[in-house]
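Take a look at the structure below.
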Amino acid sequence: MYGLSQLWSDLGADIARSGAKSADFNAPSASLVRRTGTLLTPSLLSILIYRHSHWLHQKGCFRLGALLARLNLMVHRIQIDPAVRIGPGLYIPHTVGVILECNAGRNLTVYAAALAPRRGCSPPSGELDRPEIGDDVTIGAYAIVDGPHRIGNDVRISPQAVVTVSIPPGRVVVTSLLLSRSASIRSISAAFFE
């Protein structure tokens with residue numbers, strides 16, 4: 001069960017990961033005001049709203065959880081289903097257009113307009129129709145994980161890639177357009193991912 005202590009633990013990991021990625025937060029000369037401003041970004045606020053909507057959903061307050069998810073969609077233009085479980089360390093630098101209806105492990109990074117929807121338009125029938133995403137996965141901008149596939153740990157999905165099959169751990173997924181422009185997958189992965 002997702003309790004209040006787990007909520008705060010996950011939020012702490014999300015804040016720590018976002019702070020580690022922010023130059024303003026890590027600068028030695030950063031003032032308290034600047035660090036606080038970094039914490040009030042749409043990225044962290046949308047994650048805060050998702051975590052609370054998920055907590056409410058797990059407590060049986062489905063309508064309140066859905067209301068918070070709708071608020072997140074209206075304010076931050078991000079749609080995260082309150083029923084899904086996303087591990088600690090979630091990082092979404094640009095929230096606009098992101099749709100997450102998948103279960104994911106820790107340290108998930110999602111860029112703008114990335115989609116991981118459940119299959120079909122009917123109400124969710126359970127965990128089987130959602131993508132399952134492992135730990136330390138990065139999903140590039142405009143990438144789509146389509147269908148109930150398993151994405152392994154340490155997978156990098158490039159921008160504009162469409163994933164229609166399960167991906168084993170440790171892989172880099174690139175689009176055919178990127179492969180035709182470069183001879184090396186390593187140079188592509190180095191260009192897009194840290």
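Observations
- Count of segment 15-62 residues which are touching a Ser or Thr at 6+ places or on another chain (Cβ under 6 Å) and modelled with pLDDT of 95 or more: 1
- Residue count for segment 66-115, restricted to those that are open to solvent by less than 60 Å² (accessible area, probe 1.4 Å) and not in a helix (DSSP H, G or I): 32.
- Selection count where residues are among the aliphatic types (A, V, I, L, M) and in a loop (DSSP other than H, G, I, E, B), scope segment 129-157: 4
The values are calculated or read from the model by the stated rules, or taken from the named source; none is laboratory data. All values derive from a computational prediction rather than experimental measurement. Note: ideal-geometry Cβ built from the backbone for every residue, glycine included; neighbour counts use all protein chains shown. In case anyone asks, the SASA skips ligands and DNA or RNA and just uses the protein heavy atoms, side chains included. Shrake-Rupley method; radii C 1.70, N 1.55, O 1.52, S 1.80 Å.
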